[in-house]
Amino acid sequence: MIDHDDTAVDSTPSIHHPAHIEQMRQLGRSHQASSLSEWFQINFHPGLTIHLEETLKLSKEENKHCYKVWREFTTTIVPPFFPGILKMLNKFKELGGIIVVVSHSEQDIINKHYKSQTEFPGLHPDRIFGWNGKKKENKPGTWPVQETMKQYTLEKKDILVIDDLKPGIIMAAKAGVDSAGVGWSQSHQIPGIKADLSKTCNYYFETVSDLANFIFSDS
C-alpha cells in the first residue's frame, strides 16, 4: 500500500507548492505564502488542513478558489516518478504482488499519472484510495487497509504501508500492519522530519533501491 505524492511522484516542487504560491497571489495574500521548505514542513506538521483552517483562516469562498487553482495545476501538470519506483512496482506486480495506492490526492489525478508514464506501459495500481472528502475513508483512518484486506483476502502480515508522511504510518499502526517510512523526497532533507518519521514506522529507507532490496529479500 503505497502513498503517491512525494513517495511515488516528485509532485510538491513541481505542482503543489507552485499551486500554493499562485493561490496566495490570486487571493492577494502573497505575504502569507510559504517557501518550499516551509511548505514541506507544514505538510509534515501540523498538516495542510490545519494550516489552511487555523493559520491562514481561509473563508469558504477562499477555500473554494484555492481548490479551483489546485485542480488547474494538478490536471495540467504531470510530475515525474522518482527514479526506480516504477521498476520496483512493475517487478512486484510481475511476481504476483498487489499494489494499492493510498493518497490524499484525488483518484483521477493518480490515474492520470500512471497512465501518462511510458517506462512501463500498462503498469497500474490494482486499487486507488484517493481523497474523497470522507475523513473516515481516508488515512490516517484504517478503512483503506480494512477494505484491501477484505477485497484481496489478505492477512495483516501480508501488508506493507509505504509513506513519506505520518498519516500513512499512523494508519498502518492503527490497523496493525507494518509500515515503511521513506525519505527520498526533498522534505526529508529538512532537519527533524527524518528523525521524527523514522521513530514511528517499522522500517525507514532513504533510497528506492534500499526499499526494493528489502521487499525482494528472501529473508
How many residues are outside any loop (DSSP other than H, G, I, E, B) and without any contact (Cβ under 8 Å) to a residue 24 or more places away in the chain if we restrict to the range 1-43? 9
Can you name the residue in the range 81-116 that is charged (D, E, K, R) and under 22 Å from GLU206 (Cβ atoms) and is also surrounded by the fewest Cβ atoms within 10 Å (Cβ to Cβ) among such residues? LYS91
Whether any residue in the range 64-74 is in contact with a strand residue (DSSP E or B) (Cβ under 6 Å, 6 or more places away or on another chain) and either surrounded by 14 or more Cβ atoms within 10 Å (Cβ to Cβ) or assigned by TED's automatic domain parsing to the domain that holds THR207 (or both) is what I want to check. no
Restricting attention to the range 175-219, and to residues there that are without any contact (Cβ under 8 Å) to a residue 60 or more places away in the chain and in contact with a Ser or Thr (Cβ under 7 Å, 6 or more places away or on another chain), which single residue is surrounded by the fewest Cβ atoms within 10 Å (Cβ to Cβ)? ASN202
Among the residues listed as SER14, SER59, SER30, the single one being more than 18 Å from ILE193 (Cα to Cα), under 17 Å from the mean Cα position of the chain (by Cα) and of a type in the set (S, T, N, Q): SER14
From the residues in the range 127-146 that are of a type in the set (D, E, K, R) and either surrounded by 16 or more Cβ atoms within 10 Å (Cβ to Cβ) or touching a helix residue (DSSP H, G or I) at 6+ places or on another chain (Cβ under 8 Å) (or both), which one is modelled with the lowest pLDDT? LYS136
Enumeration of residues in the range 131-146 that are in a helix (DSSP H, G or I) and either over 19 Å from ASP108 (Cβ atoms) or β-branched (Val, Ile, Thr) (or both): LYS135, LYS136, TRP143, VAL145, GLN146
Of all residues in the range 150-192 being assigned to a loop (DSSP other than H, G, I, E, B) and charged (D, E, K, R), the one that is farthest from ASP10 (Cα to Cα): GLU155
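The values are calculated or read from the model by the stated rules, or taken from the named source; none is laboratory data. All values derive from a computational prediction rather than experimental measurement. Heads up, the Cβs are rebuilt from the backbone with ideal geometry, glycines too, and the neighbour counts pull from every protein chain shown.
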